[in-house]
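K.L.:
Please read through the structure below; I'll follow up with questions.
Since every read-out is calculated from the coordinates, none of them should be taken as a lab result. The structure presented is a predicted model; accordingly, all values stated were derived computationally and were not measured. Every residue, glycine among them, receives a Cβ derived from its backbone with ideal geometry; neighbour counts consider all protein chains shown.
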Amino acid sequence: MSEDTNEAPGAPNVPSGPTAGPNVTLEEIARAAGVSPSTVSRILNGSARVLPEKQRAVEEAIARFNYRPNVLARSLASGRTETIGVLTQAVSSPFYAEWLRGIEDALAEPGFTPIFVSSRWNVVDEKARLEEFIARRVDGIILLHAQLDEATLAGYSRYAPMLVLGRSVQNGMTLAGLPIDNLQGARDATRHLIEQGHREIAFIAGPSSHEDAIERLDGYRIALEEAGIGFDADLVEQGDYLETGGLAAMERLMARRPMFTAVFCANDQTAYGARLAMFRRGVRVPEDVSLVGFDDLPTSSYMTPPLTTVRQPTYEIGRLAAQGIVQMIRKQPVALSPIPLTLVTRETTRRIGASLSPGDEHR
């Protein structure tokens, strides 16, 4: 767009002192900066191409007046609310916290405000939250590990573009998915333990209704099969992705006394609980049993000993999701590929028969 030529004559009339201005109008800002109201509006919307000195004059006038655009008026004029609904399963979860931080940071630059809600893995609540978002006329919706089926999500996406994080869907103009390669991540974790000489590898699974938990169990099975190790159901225990579930699952495993030299947990929180159960039984990690988690939460590198785990770049994934939904709102093509995961090797795993380093016997 070309530079506006219908500017106010004369030098900018910027006030000499700061003025708090909830009631200051866009026209007053334009008059103070010596430009037209339409130029100010386009600068605020990021669509103006003006001379640097005029851009600076407008920014100085905005700062001097402490001007805040009328969001309601702008949304009525543009048909947008400049808000993004973000539906997570548990706002309080340390796992989701990094995703939400990435989403929030990436939405700030294009000027969107996220609205965070949670559905607590409940399909009825998930539908209710989506309908609330649509009633509020959000410009787009990001869902973290959506539980609703794809047909239902596609129906809701007719009202607002929707990006589903953590699972695959049939990508289109209003519905897209950003999948995570959980199967490969679990396969890599299990193969790491096999390469360390372990053959009796226990697994504490995530909730059986969660797609990502199913994929992680599949990755564990595939790695065993590839190594010629038979799958043993007695070495698999059900967890719930929480520390309490990991604690209880590990206690059940040890009560059955199956032979295992390593444990792969479906997420880091489960591994924290499993570690506590072993500590209470006098089982040393990694001298007696090696331990691997999944997610690489910020606290995992500070666990005692630091946890070997599969890293999900959750903050970066959150940013990608935010950038994707903004592209969808702007009707731009979105290309979303499965997010690769990486194994982070720390001190909770060791090769069978490896000698201890000095001081390890006291760990």
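K.L.:
If GLY206 meets every condition in (1) over 15 Å from VAL236 (Cβ atoms); (2) in contact with a helix residue (DSSP H, G or I) (Cβ under 9 Å, 6 or more places away or on another chain); (3) in contact (Cβ under 8 Å) with a residue 60 or more places away in the chain apart from one, which number is that one?
P.N.:
With (1) over 15 Å from VAL236 (Cβ atoms); (2) in contact with a helix residue (DSSP H, G or I) (Cβ under 9 Å, 6 or more places away or on another chain); (3) in contact (Cβ under 8 Å) with a residue 60 or more places away in the chain applied to GLY206, the lone miss is (1).
K.L.:
Please specify each residue of the stretch 251-270 satisfying the condition of being touching a His at 6+ places or on another chain (Cβ under 7 Å) and either without any contact (Cβ under 8 Å) to a residue 40 or more places away in the chain or in a loop (DSSP other than H, G, I, E, B) (or both).
P.N.:
If we filter the stretch 251-270 for residues that are touching a His at 6+ places or on another chain (Cβ under 7 Å), which is where we start, we get 261-262.
Result: THR261, single match.
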